[in-house]
Amino acid sequence: MKWLDLYRKQRLTLLPDTLKYKILIIRLSSLGDILLTTPVIRAINKKYPNSQIDYVVKKQYSSSLRYNPLISSLYLYEKEKAKSIKEQIRKAKYDLVIDLQNNLRSCAFTFGLSTEIKRFKKPTFKKLLLVWTKINLLKEFKPIPVRYAETAALQLDDYGLDLFIPENINPKLAAGKKYIGICPGAKHFTKRWPEEYFIELGNRLSSQNFTIVIFGGEEDQKLCKAISSKIEDGINLCNNDDLLQTARDMKQCHHIICNDSGLMHTATAVGVPITAIFGSTVNEFGFIPYLSDNSILENISLSCRPCSHIGRSSCPKEHFKCMQEIKPNMVFDHVKSFL
């Protein structure tokens, strides 16, 4: 990574005793939201050189930050450890706390602190207004990293997301093949392109001499198994949320096809071109692939989109046209031209 080379040169010019600030970032979840904070981490390092940057994150998402060279230490949040973490934060005497979660749980960590605290201002009202009335006050589009950066008056660079993978994690995919990855999962139903569409698309791409690789986490096991079993020579690399192994294998792919999900941001972070299929959510919410080679396919003809700012368990109109009308042949033609 080019920015990492610049960072190493910068560190060589600074003496250990020039440490200026102790800064804490709080973003507990989820995977995509945490990866979207990584440009902010770089911006903090640039604004406050040679500072100590610590981070509070849920334990299950910690691998997304574990090997980031700009982070000094991680507080691994688990419910039963909340009091202990709060006490550690109090004793650490941070100069600045940047709360990018800004909910009751994250605010509890900073309650009573005398330090400077910057909190992310969520555009919740504007999102709900767009969902329920279709009045769009989010036309001034800003990706989430930009909104995060505004929280602490930070200037972002021109690089994308970061995800550092140890060299001892080896890919499970053999070199020399043309792999295309498919990530069929998403937390909410209305953000998932239909299973049968992924199968049809996978087989069409397989007929073009691509090897299809299925990626997913623990909650996607059943879905990934069903899809891979019906794609000729499909490889199922779904695992129990081993993010770093998934990221390593994604780097072997020529292209990733995904929903609006955490793995979309993972593919973005490792620099793989992606095609993302958006259903109930829209670009204005800001959770798009950030500064990457990507395209988003969505049904812009529907007046019912967005029906949620996070996703729903079912289509409120019971037609699910936002996904059903994006046909496999459309995605196939798009990916083929993209490649």
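The values are calculated or read from the model by the stated rules, or taken from the named source; none is laboratory data. Nothing here was measured: the structure is a model prediction, and the numbers come from that model. Please note: Cβ atoms are built from the backbone with ideal geometry, for glycine as well, and neighbour counts cover all protein chains shown.
Suppose the filter is in the same structural domain as residue 322 (by TED's automatic domain parsing), free of Cβ contacts under 8 Å to residues at least 40 places away in the same chain and either surrounded by fewer than 17 Cβ atoms within 10 Å (Cβ to Cβ) or not in a loop (DSSP other than H, G, I, E, B) (or both); does residue 168 pass it?
Numbers: in the same structural domain as residue 322 (by TED's automatic domain parsing): no; free of Cβ contacts under 8 Å to residues at least 40 places away in the same chain: yes; either surrounded by fewer than 17 Cβ atoms within 10 Å (Cβ to Cβ) or not in a loop (DSSP other than H, G, I, E, B) (or both): yes.
It is false that residue 168 is in the same structural domain as residue 322 (by TED's automatic domain parsing), free of Cβ contacts under 8 Å to residues at least 40 places away in the same chain and either surrounded by fewer than 17 Cβ atoms within 10 Å (Cβ to Cβ) or not in a loop (DSSP other than H, G, I, E, B) (or both).
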When (1) in contact with a Pro (Cβ under 9 Å, 6 or more places away or on another chain); (2) not assigned by TED's automatic domain parsing to the domain that holds residue 38 are applied to residue 145, the one that fails is (2)
Selection from the stretch 276-301 of residues without any contact (Cβ under 8 Å) to a residue 60 or more places away in the chain, assigned to a loop (DSSP other than H, G, I, E, B) and surrounded by fewer than 20 Cβ atoms within 10 Å (Cβ to Cβ) yields 293, 299, 300, 301
Counting only residues in the stretch 302-335 that are touching a Leu at 6+ places or on another chain (Cβ under 8 Å) and in a helix (DSSP H, G or I), the one nearest to residue 284 (Cα to Cα) is identified as 322
Residue 219 fails exactly one of (1) surrounded by fewer than 17 Cβ atoms within 10 Å (Cβ to Cβ); (2) in the same structural domain as residue 334 (by TED's automatic domain parsing); (3) in contact (Cβ under 8 Å) with a residue 40 or more places away in the chain; (4) within 29 Å of residue 38 (Cα to Cα), namely (3)
Residue set 47, 58, 83; condition out of contact with any His (no Cβ under 8 Å at 6 or more places or on another chain) and within 22 Å of residue 165 (Cβ to Cβ); output residue 58
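Just a yes or no: is a residue in the stretch 214-224 part of a helix (DSSP H, G or I), under 18 Å from residue 327 (Cα atoms) and basic (Lys, Arg)?
The answer is no; no qualifying residue exists.
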Filtering the stretch 12-32 down to residues that are surrounded by fewer than 20 Cβ atoms within 10 Å (Cβ to Cβ) and either modelled with pLDDT under 95 or among the charged types (D, E, K, R) (or both) yields 12, 13, 14, 15, 16, 17, 18, 19, 20, 21, 22
Residue 116 meets each of (1) within 18 Å of residue 287 (Cα to Cα); (2) in contact with a strand residue (DSSP E or B) (Cβ under 6 Å, 6 or more places away or on another chain) with one exception, condition (1)
(1) of a type in the set (Ser, Thr, Tyr); (2) more than 21 Å from residue 46 (Cβ to Cβ); (3) surrounded by 16 or more Cβ atoms within 10 Å (Cβ to Cβ) all hold for residue 124 apart from (3)
Worksheet entry | Verdict on residue 238 being in a loop (DSSP other than H, G, I, E, B), closer than 30 Å to residue 319 by Cβ, hydrophobic (A, V, I, L, M, F, W, C) and assigned by TED's automatic domain parsing to the domain that holds residue 320 | yes
Filter the stretch 269-315 for residues that are in contact with a strand residue (DSSP E or B) (Cβ under 8 Å, 6 or more places away or on another chain) and among the polar types (S, T, N, Q); the one that is farthest from residue 165 (Cα to Cα) is 283
Given the conditions (1) over 26 Å from residue 161 (Cα atoms); (2) surrounded by fewer than 24 Cβ atoms within 10 Å (Cβ to Cβ); (3) among the hydrophobic types (A, V, I, L, M, F, W, C), every one holds for residue 322 apart from (2)
Among 281, 275, 246, the single one that is under 27 Å from residue 121 (Cβ atoms) and at pLDDT 95 or above is 281
